[in-house]
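The block underneath contains the structure these notes are about, expressed in structure tokens.
Bear in mind these aren't lab numbers, they're just calculated from the coordinates by the rules spelled out. Every value quoted in this text rests on a predicted model; they were computed, and no experiment measured them. In this analysis, Cβ positions are derived from the backbone assuming ideal geometry, glycine residues included, and neighbour counts consider all displayed protein chains.
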Amino acid sequence: MSTSRTPRVPLTPATLFRLKPLPQGDQAEADTGLNRNISTLQLTSFGVGATVGTGIFFVMSQAVPEAGPAVIISFLVAGVAAGLAAICYAEMASAVPVSGSTYSYAYATLGEVVAMGVAACLLLEYGVSTAAVAVGWSGYLNELLRDLHIPAIPHVLSAAPWDSDPGVVNLPAIILVAMCAVLLIRGASESARVNTVMVFIKLGVLAMFAAIAFSAFDAGNLSPFAPEGFSGVTLAAGTIFFSFIGLDSVSTAGEEVKDPQKTMPRALIAALITVVAIYVLVSFAAIGAQQASKFEGQEEAGLAQILDDVTGASWPSLILSAGAVISIFSVTLVTMYGQTRILFAMGRDGMLPKFFTKVNPQTLTPVNNTVVVAVVVSILAGFIPLDYLADMVSIGTLVAFIVVSAGVIILRVRVPDLHRPFKVPLYPVTPILAIAACIYVLSGLHWYTYLFFLVWVAVVVTFYLFWGRHHSLLNVTDDPLGES
């Protein structure tokens, strides 16, 4: 029996690059075991919630030392690359409205082995970004506790040899991951409602920051504008890009949204516009209010420190820290959600064990996946400092964006008559520009980021070659290429 279910598949191009059939007609909204009840506003909030926060609340301390005041341009460069890719995501999400995000899109357009390589990117970017956000959240939490005259949550026991301060575990980050896991296990709709509330709090807090920071705006802080030249701008854009993972998270909810072929493109575009506007506004205000040299080393609640310096009072930074604690919670929540749904899609396709397809009959959530993600992310967040994490997320996100943009072109050629409620404008110029922009941002990353990334992808592809391809559900379909 096991032999018939898991045949030994020959290692040939025909099997490595076989395509998953595209959902057509009623299949696009078929019952997959998940609960389809997320609205357009909630899905837009997923994108904003997973994006605004990571790039603003604490990545400035890494990006400004690299680019100087020209970090404003870095945000625009990253935003243009992400925007072009988001438009491509909108078409793919409307044409292939399923869970799994770029993994599922690659499976339908580029082939099984490429999909597994993309899955490696997604698992890396979601897992590491969740950990990076949790690390930054702990700084704002302890800043808030100090402002309230409550003892900060201590870092305890650890010995991470690569850490500049060995012997420390980031306990607040682990607590955050555990709280998000509990909420996700309770249900996707509950998580979506909580996230929407958090997003509105976040936008209000950042608007307050911009208003106060602009009151102390000093044009002298913009000079020298680009001390490291355009190479610094590019390097900072690569660092910043990890925060745009939130746009990808929208497409992980394809099987839990109402009317996905219309809802997903609308949510992607709305989230993109909101995110870029907030990033440019807040970064411009921050640079105008504080000299670029002071950003370095401000990982712990950097924006709150700016408000302290500007007002000389504690209440603005207290509000900002409270808002950051609440809103960065939403980033962790959504990125954890996205990773659990990618694991679900992979398990359903046979690329991972059936363990990852189990759905709780009461909550209709993949509890096993949530627990696994929480454990892995807790280890990363507890032991690895933030500056080791951001670039690893950026490279995974950029590769995923390139695959989606290429997938738009391939699918237009291979299945020109496929129903597409949303189409990329200025095709094929837009997807080509998206690919070029992402490659440009990739060029600014450190060499060791590529090394770690390639090792990780090699591990996942090796798993596929020895296990995944023999358990793929396409082994038992009559039309593995999906072209009948």
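Structural remarks
- Computed extension gain for Val280 through Arg186, at 0.36 nm per residue and net of the alpha carbon distance, reaches 30.3 nm.
- The gain in end-to-end length when the Leu451 to Ala14 segment is fully stretched comes to 154.4 nm, 0.36 nm per residue minus the alpha carbon separation.
- Across region 270-381, the convex hull enclosing all Cα atoms gives 163 Å³ per residue.
- Amide H contacts of Ile38 (H built 1.01 Å from N, under 5 Å, at least 5 apart or other chain): Val257, Lys258
- Net charge dipole size for region 36-472 [Lys, Arg +1 and Asp, Glu -1 on Cβ; Debye, nearest 20]: 1560
- The tail of the calculated P(r) for region 313-447, taken as Cα-Cα distances beyond 25 Å, holds 54 percent of the pairs.
- The gain in end-to-end length when the Tyr440 to Trp315 segment is fully stretched comes to 40.8 nm, 0.36 nm per residue minus the alpha carbon separation.
- The string of couplings for region 306-320 from the Karplus curve (6.51, -1.76, 1.60, θ = phi - 60°) is 4, 5, 4, 5, 6, 9, x, 10, 9, 5, x, 5, 5, 5, 5 Hz, one whole number per residue in order, with x for Gly and Pro.
- J(HN,Hα) series, region 345-358, from Karplus relation 6.51 cos²θ - 1.76 cosθ + 1.60, nearest Hz, glycine and proline x: 5, 5, x, 5, 7, x, 7, 10, x, 4, 3, 7, 9, 5
- Distance histogram in 20 Å bins (all Cα pairs of region 36-472, percent per bin): 28, 60, 12, 0
- Each of Val64, Val197 was scored by other Cβ atoms within 10 Å of its Cβ. Listed from fewest to most, they are Val197, Val64.
- Efficiency of FRET from Cβ geometry, Leu465 and Val371, R₀ 45 Å, rounded to 0.05: 0.95
- Charge-dipole axis of region 301-449 as Lys and Arg at +1 and Asp and Glu at -1 on Cβ define it, positive-most pick from Leu442, Asn360, Gly312: Asn360
- Ranked by how many other Cβ atoms sit within 10 Å of their own Cβ, fewest first, the residues His446, His470 fall in the order His446, His470.
- Residue pairs exceeding 25 angstrom between C-alpha atoms, taken from Lys202/Lys262; Lys20/Lys423; Lys262/Lys354: Lys202/Lys262; Lys262/Lys354.
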